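Worksheet: one structure, shown below.
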Amino acid sequence: MLRKMLAPIVLVLVVAAPAAQVPATTPAEKIDHAMNARIRKEGMENSQILKSMHYLTDVYGPRLTGSPNHENAAKWAVRQMESWGFVNGHLEPWDFARPGWLNEKATGHILAPVKDNLVFEVLSWTPSTNGTVIGPAIHVVPPANPTEAEMKQYLGDLTAKVRGAIVLV
């Protein structure tokens, strides 16, 4: 049995081995040491990486797609690359199918049973409110791995609870 299996394997190795060999006469790649030195010098003495990172992270800050910060950062990048000698820099039109979003200001305060600041984050693309909102805070914890019937019951119960409330998830 072993001989029957071993013979085809040896035959495949004998036939495939010469085809897998790389010719020994492959010419070696010529390394241009002068060009490597110029590239290294350019990177060490004229690098714009830290300046670019500063603008994209500190000046324009977080950038959700479709947000004013995203558009301003993209326009800055085009202007910057054009100043470096790139040509035909432009932004491609793209409809994100949502309004732009910018989290400019969000504050929260607990009024009862104690008075304190509320620390929170607004979810991306959350619609704005028309001024100050006051209401009960409801903490929503969805069920883990619910059946379809359990989820329908949960959502039915939840709808009445959250109407007019501030929902915390």
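The values are calculated or read from the model by the stated rules, or taken from the named source; none is laboratory data. As the structure is a computational prediction, the values presented were derived from the model and not from experiment. Backbone-built Cβ (ideal geometry, glycine too); neighbour counts: all protein chains shown. Side chains are part of the model used for accessible areas, which takes the heavy atoms of the whole protein and leaves out ligands, DNA and RNA. Shrake-Rupley method; radii C 1.70, N 1.55, O 1.52, S 1.80 Å.
Put simply, the amide H of residue 125, placed in the peptide plane, has no neighbours under 5 Å, leaving out anything fewer than 5 places away on its chain. Where a Cα-Cα gap under 26 Å defines reach, which lysines qualify for residue 105, not counting those fewer than 8 residues away within the same chain? Output for residue 105: 75, 115. Close amide H partners of residue 166, meaning residues 5 or more places away or on another chain with modelled amide H under 5 Å apart, are 137, 138. Normalised by the number of residues in region 52-106, the average gap of Cα pairs under 8 Å and 6 or more apart makes the relative contact order 37 percent. Rolling a 1.4 Å probe over the protein heavy atoms of region 66-134, with every protein chain left in place, gives an accessible area that is 55 percent carbon and sulfur.
Relative to the current alpha-carbon distance between residue 48 and residue 64, full extension at 0.36 nm per residue lengthens the span by 3.3 nm. For residue 64, nonlocal amide neighbours, meaning residues 5 or more places apart or on other chains whose placed amide H falls under 5 Å from its own, are 70.
A DSSP coil position with no more than 10 other Cβ atoms inside 10 Å describes the following GluC sites (Glu not before Pro) in region 76-129: 104, 121. Principal axis extents of the Cα atoms in region 108-161, from largest to smallest and rounded to whole angstrom, are 38, 29, 19. Each residue of region 70-83 is assigned a 3J(HN,Hα), and the resulting list reads 4, 5, 5, 5, 5, 5, 4, 4, 5, 4, 5, 5, 5, 5 Hz, derived from the Karplus form 6.51 cos²θ - 1.76 cosθ + 1.60 (θ = phi - 60°), x at Gly and Pro.
Both radii were evaluated on the Cα set of region 48-99; the Rg over Rh quotient, with Rh as the Kirkwood radius, amounts to 1.00. Over region 77-169, the Kirkwood radius and the radius of gyration, each from Cα atoms, give a ratio Rg/Rh of 1.19. Applying 1/(1 + (r/R0)^6) with r as the Cβ-Cβ distance of residue 132 and residue 96 and R0 = 30 angstrom yields a FRET efficiency of 0.55. Heavy-atom accessible surface of region 81-158, averaged per residue, reaches 92 Å², computed with a 1.4 Å probe. By the equivalent-ellipsoid construction on the alpha carbon gyration tensor, region 70-131 comes out with semi-axes of 40, 15, 7 Å, ordered largest to smallest.
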